[in-house]
Amino acid sequence: MNGSIAASPENPILLSRVAESAYWAGRYLERAEGMARLIKSHSELVIDLPRAGGLGWEPLLAVVGTELGPEYDLHTEEAVVDHLAHNHGNPGSICTAIEGVHYNLRVTRSVMPIEAAELIIELHTIANNDGRPANDRRTRRQWLTNIMRSCQTLSAILNDTMTHDDAFSFFTIGRQLERADLTTRVLDVHAGVLTGRPTDALAPYTGLCWAATLRSVSMLQAFRRRGVSASPTATLEFLLNDNNCPRTVRSCIDEASRWLLELPQNHEAITACAAVGSFLEDADVEELAIGDLHGFADRLEVAISEIHQKIHTTWFRPATTAVLS
Amino acid sequence: MKSDWTGYSSITFDELVDGDGKPRTGNEAVFQRLADLGPALVERQRAAEAEIRSMGITFTLYTEGSSIDRAWPIDVIPRIITASEWNTISGGLIQRLKALNMFIEDVYNEQNVVNDGILPAQWLEDSANFRTECCGVHPAGGVWAHISGSDLVRDATGQMMVLEDNLRVPSGVSYMLENRQISKRVFADLFRDLDIHPLDNYTEELGKMLSKLSPRDDVEPVIALLTPGIFNSAYYEHGMLATQIGAHLVEGSDLQVVDNIVYMKTVRGLVRVDVIYRRVDDLFLDPAVFRSDSTLGAAGLMAAWRAGNVALANAPGAGVADDKVLYSYVPDFIRYYLNEEPTLPNVPTWRCMEPDHRQHVLANLDSLVCKPANESGGKGVTIGNRATEEELDHLRTEIETDPRNWIAQPILSLSTSPTLCDGIIAPRHIDLRPFVLSSDEPFVSVGGLTRVALREGSLIVNSSQGGGSKDTWIVDESVRPDRLLEHRQPGQQQVQRSGNGQNPS
């Protein structure tokens, strides 16, 4: 088989189905954590901003590309948060993502460390706790923090104890692509509020809004340490292209590429990553900050999902498969 | 003896104490320690349940249209068998499985057992698990049922007997192993003081046995555990066993058969599979041969097996002897194939298709247990003295319509073991499922899975029907209770007693 790296005791055979589950375990884990952080930072922003500014809860729905179902009467804060945190019928909710982690980790059980299996049960228990703690502002913060912390602990256990084999590659690639995707979506949604002409009431608070954007992808502190003033262009450039902060789109794509290199027949997926890389390089942040950030983010999302498509057709559902001797 | 056991008594044979409430030989030390623990025993039970939840040990219950994962029910009071008795039991199991494997090999080939008049041809042909597709095949070493789990019960006289054999896809071994993990954690002190035989070697022996089945001896064998998938009630067990023996946990869709060779689809291409430990029923193994609607197996699997290119454990068709009518002949098989007397007796069994047996059964329905010949998990079983008139009438009609499908056995008063029920120690009926690995070096798990009927008086031990489980300790008789004195904690209160010794059963 040309260009294939054979399985070895250090890198044992990985079933395509298990690889797919490792990848989705990574994506869902990142999704649960990202969604929790997003709701948390949006809550803080809403509390800070004057009500006249008209910043509601709908932008959050737009991030995950979802609408409230008929079970919700009004677009109240409680309805939106419930939908995004607790609604098992919403494929983008925290609870659904944790179900996804739970399911996929059961499938990948044999390639995952046992400590991780025990923690996922804990995470699952937190997520399915009685009541709907995210809906109430008083309990929301603590619950979201617990979710984020458990997700991070789970990531850390997997990072620190899992053999760096194919299964780990797929898990990591899944996490990185989901993270890149989420950062892009956040930009997309905040684009409406933050670029062009903010409403008069919101104008004094654009700095606050940009800070919230950074915070919702956990990059505010990293950005401030750079000592650059929080202009829209600097923020955008940072979110898209910074090499060092692990949550920028560029870092995520670079990291995904790095792990893709470990896999056989990676050509198409690597090429798709490179395409995202050039797209980011060519971005004119000056113009985006006052122009069509929305369209840009859309195109970036499409480019990222192209990587996913290539991974899917190369490893999970290949058209033909060669026999390994 | 400590007084808090004085209230404990059983109407039948009790595993821990004799009729005078004294511990049986070999049980003294455990009896003493449990008595010393007093109310702390309840805390250990809670600790065990917390462990189970945090380890995620579950089994799946199916209700209408949905399934729920339930925490595995364990009772911390161990079931004890002395090492000398255990030697006899495990010898008896090896003898039984040897004869059963010879029987299966025989019925798919020469059928001498029929030709020599031991088993009527009709009963064999009518066995629901007799697979003509397996005729003429000779699995390596003549072994068909590589992994089996026979259910043993003890009657009121203390006699151990075999209630049924499970030669298809017996489950429960992971719970046996987990129960030990749990009891080691909650009774760490007892494990220090007593010589409790370890059972960790089961999975190692399983892996070794499976490896030896590989048709290729020039490469490290690739072993796969074929599971029906994540929604199967035993998925937890499949995952645990695969992990422990280093097998790939595969589903039917992961397999592909090309030119009678079985491959699994991996991210690096197709990889040949040598041995499949299948936890999928015969009829779902190969849609090209059995049920064409099955997605749980792989087309071509049977052909690859017949060609000798892959080993299947257990072999298809091994369940032929699970038929309860054929079960009743096992003592004859042991005499016929091995020229030995069976060490472990069967439970006396009436075969309803034999006119005189049927007559007896129909005249005594209310004092017998009637079982369908080819069901498992307690399905379709009617216990005569607990059935309504209507149920018995219905049963009578069923037996008269299809006598081949029914057997009857006396209602056994299964032995009891002290069990914590809402903080009170009370006798509950139990059985035992040891696991036997058949090969040229047969192996019996050290002990087995003890299942307990948690409802008072109930004889149904299945976890799907309110059953629980216990760790099973094989202990040397030589340990004396005085060895334990130094650990005794004075001044502890005692566990609440179970009534006045009036424990209806």
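Exactly one residue out of B:Ala40, B:Ala50, B:Ala29, B:Ala71 is at pLDDT below 90 and crowded, with 21+ Cβ neighbours inside 10 Å, and it is B:Ala29.
Among the criteria (1) out of contact with any Ser or Thr (no Cβ under 6 Å at 6 or more places or on another chain); (2) of a type outside the set (Ser, Thr, Tyr); (3) open to solvent by less than 30 Å² (accessible area, probe 1.4 Å); (4) at pLDDT below 85, the one B:Met55 does not fulfil is (3). The criterion of being closer than 22 Å to B:Val446 by Cβ and either in contact with a strand residue (DSSP E or B) (Cβ under 8 Å, 6 or more places away or on another chain) or in a loop (DSSP other than H, G, I, E, B) (or both) does not hold for B:Leu225.
The combined condition, being open to solvent by 20 Å² or more (accessible area, probe 1.4 Å), of a type outside the set (Lys, Arg) and away from every other protein chain (no Cβ under 14 Å), is not fulfilled by A:Ile98.
Against the criterion of being out of contact with any Phe, Trp or Tyr (no Cβ under 7 Å at 6 or more places or on another chain), under 27 Å from A:Arg224 (Cβ atoms) and open to solvent by less than 40 Å² (accessible area, probe 1.4 Å), A:Leu280 qualifies. Each residue in region B:382-439 was checked for being free of Cβ contacts under 8 Å to residues at least 12 places away in the same chain and either touching an Asp or Glu at 6+ places or on another chain (Cβ under 8 Å) or closer than 16 Å to B:Val369 by Cβ (or both), and 5 of them qualify.
Residues considered: A:Ala289, A:Ala275. Of these, the only one that is small (Gly, Ala, Ser), open to solvent by less than 20 Å² (accessible area, probe 1.4 Å) and touching a residue at least 12 places away in the same chain (Cβ under 8 Å) is A:Ala289. Taken together, A:Ile126, A:Ile121 contain a single residue that is under 26 Å from B:Val250 (Cβ atoms) and either part of a helix (DSSP H, G or I) or away from chain B (no Cβ under 14 Å) (or both), which is A:Ile121.
Residue-wise test of (1) in contact with a strand residue (DSSP E or B) (Cβ under 9 Å, 6 or more places away or on another chain); (2) facing chain A (nearest Cβ under 7 Å); (3) under 17 Å from B:Asn314 (Cβ atoms).
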residue	(1), (2), (3)
B:Ala242	yes, yes, yes
B:Ile245	yes, no, yes
B:Val258	yes, no, no
B:Arg268	no, yes, no
B:Arg278	yes, no, yes
B:Asp282	no, no, yes
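From the list A:Ala117, A:Ala85, the one residue that fits, being more than 21 Å from the chain's Cα centre (by Cα) and open to solvent by less than 60 Å² (accessible area, probe 1.4 Å), is A:Ala117. Listed by first and then second residue, the pairs with beta-carbon distance under 8 Å, at least 6 apart or on different chains, first residue in region A:169-192 and in the same structural domain as A:Phe238 (by TED's automatic domain parsing) and open to solvent by 20 Å² or more (accessible area, probe 1.4 Å), second not in a helix (DSSP H, G or I) and not acidic (Asp, Glu), are A:Arg179/A:Arg247; A:Leu182/A:Val217; A:Arg185/A:Val64; A:Arg185/A:Gly65.
The values are calculated or read from the model by the stated rules, or taken from the named source; none is laboratory data. Since the model is a prediction, treat every value here as computed from it, not as a measurement. Cβ atoms come from the backbone with ideal geometry, glycine included; neighbour counts cover every protein chain shown. Each accessible area value is taken on the protein alone, full model and side chains, heavy atoms only, with ligands, DNA and RNA left out. Shrake-Rupley method; radii C 1.70, N 1.55, O 1.52, S 1.80 Å.
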